[in-house]
Structures are given as structure tokens and as C-alpha cells.
């Protein structure tokens, strides 16, 4: 197969490097390609699809890497070979090759699943087929797993700073053990500690009061997370 990658951001460049790394042929435009990868921000996937529509034929395969949008966002008048692939990995910079062990989801043309399974296998990744209905929920789960924990740490860093404490001095004993347990596959509920887990209502109430005086948004985040723990865990 000959590939053409649209989008040279962190993921797009990593994809291009990874395709070259396993010896795949790279085309210099969509017309000469068999697979066209549209690796751009979600908000412009549709726009890019329509831009290249006149260059497509019924044999072209269109692929995007959005976690949220289904393959149908690539709908056009030329080809029905549409695929949505998503690597569950946080790309902070372009990489020379996809790291081993990445979990990928596949949604789209069933007849193409085997081909992309083999391709992902060459990158030593794992792939699972999901439905169009599951796409949005899957991506929300990715956000909770990868993005929101970082926000919690940023809030913690700011609060520690106000106490005159360097976050790095605390993280080794507070954050790293939790991360290691998650990586080792420990049961998540068993890792959780803290006042909400202990049902320490008085401490929760007082800490919300302290946070409300300092930053009402932090207080609301603390309250919502504590309520979830109290009701569900």
C-alpha cells in the first residue's frame, strides 16, 4: 500500500515516521496514494476531507486518528472505504516510531480491519474493534484517564507552592507509588485513599471551606470528586 499523510503535527509526524520505519511506501500526494491519512485537529477533519475529495477515487481508503469522531465524518462522494483509528497514547512531541504496546481502537469498514490489524502489529501495538456508538464514550474515558489526572496534579502543585513546598519533593512519595500500582495492574479502588474514601465528612467539609476562600473553582472540583467517591466507592 502507498500512503499519504495530511497533517504534520505531533501525531501526524509520528505516523509518517512509523510508516517509513516499517518500509511502507509514501506518496507525495493523495492522488498517487492508496491510503490517505487525515491527521489534523478534530475541528478540521471534515474540511480537509472535502478539500481532497476531487483527488479521490472509489479505491482510496480514508483514515483519521480522532478518538471522538467516527469514520463517517470522512463521508464523501468518491469512496466508501472509511476508517477511524485511534492510539491510546499521549503525544507530547513527535516520535521516531510508535512506542511498543500502544492500544488502538478501530471503527469503520469491516473489510479493512485485517489489513490495519497487521499494520498495527508491525508497530507492536494491540487493536480492538469498537462500534460508532462507542466512539464518543471511549474518548471520554481516555480524557478521564490521561488528561484530567494531570489537571489534578497542576492544582496540587499550585497549592503546595502556596505552602512553600516544591511539588517534586512530595511527588516521589505521594504520586509515584500510585502510578506504579496503576502500571502494575493493581485494582484501582484498592489504590484510593484519603478523607472521602474514609468517609471523613468533617475533614471534607472543612477543606471545602478553606478552598472556597482561596479558589471557588478548586473547591467545586474538590466537592464533586469527593461526592463521587462517597457515593460510589
So if I check each of 78, 8, which one is touching a helix residue (DSSP H, G or I) at 6+ places or on another chain (Cβ under 9 Å), in a loop (DSSP other than H, G, I, E, B), modelled with pLDDT under 95 and assigned by TED's automatic domain parsing to the domain that holds residue 104? 8
When you go through 94, 99 one by one, which is the residue that is within 20 Å of the chain's Cα centre (by Cα) and in contact (Cβ under 8 Å) with a residue 60 or more places away in the chain? 94
If we ask which residues in segment 2-44 are surrounded by fewer than 15 Cβ atoms within 10 Å (Cβ to Cβ) and at positive phi, their number turns out to be 1
Please go through segment 122-153 and give me each residue that is farther than 21 Å from residue 71 by Cα and within 19 Å of the chain's Cα centre (by Cα), ordered by number. 123, 124, 144, 145, 146, 147, 148, 149, 150, 151, 152, 153
Based on what the data block shows, is residue 207 more than 22 Å from residue 174 (Cβ to Cβ) and either more than 28 Å from the chain's Cα centre (by Cα) or assigned by TED's automatic domain parsing to the domain that holds residue 159 (or both)? no
Name the residues in segment 13-47 that are under 21 Å from the mean Cα position of the chain (by Cα) and touching a residue at least 40 places away in the same chain (Cβ under 8 Å), would you? 13, 14, 15, 17, 18
Residues in segment 150-188 that are exposed (fewer than 10 other Cβ atoms within 10 Å of the Cβ) and closer than 22 Å to residue 230 by Cβ: how many? 1
Just for segment 213-233: of the residues that are over 28 Å from the mean Cα position of the chain (by Cα) and under 18 Å from residue 154 (Cα atoms), which one is surrounded by the most Cβ atoms within 10 Å (Cβ to Cβ)? 215
For residue 72: the one exception among (1) surrounded by 14 or more Cβ atoms within 10 Å (Cβ to Cβ); (2) touching a strand residue (DSSP E or B) at 6+ places or on another chain (Cβ under 8 Å); (3) in a helix (DSSP H, G or I): (1)
Residues in segment 33-57 that are outside any helix (DSSP H, G or I) and touching a strand residue (DSSP E or B) at 6+ places or on another chain (Cβ under 8 Å) total 9
Do any helices (runs of 4 or more DSSP H) entirely within segment 106-208 hold 1 or more residues that are in contact with a strand residue (DSSP E or B) (Cβ under 8 Å, 6 or more places away or on another chain), and if so, which? 113-122, 132-142
Among the residues in segment 8-25, are any over 21 Å from residue 121 (Cα atoms) and touching a strand residue (DSSP E or B) at 6+ places or on another chain (Cβ under 7 Å)? no
Can you give me the number of residues within segment 11-32 that are part of a helix (DSSP H, G or I) and under 21 Å from residue 55 (Cα atoms)? 2
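The values are calculated or read from the model by the stated rules, or taken from the named source; none is laboratory data. Fair warning: this is a prediction, and the values are worked out from it, not measured in the lab. Counting neighbours? That spans all protein chains shown, and the Cβs are built from the backbone with ideal geometry, glycine included.
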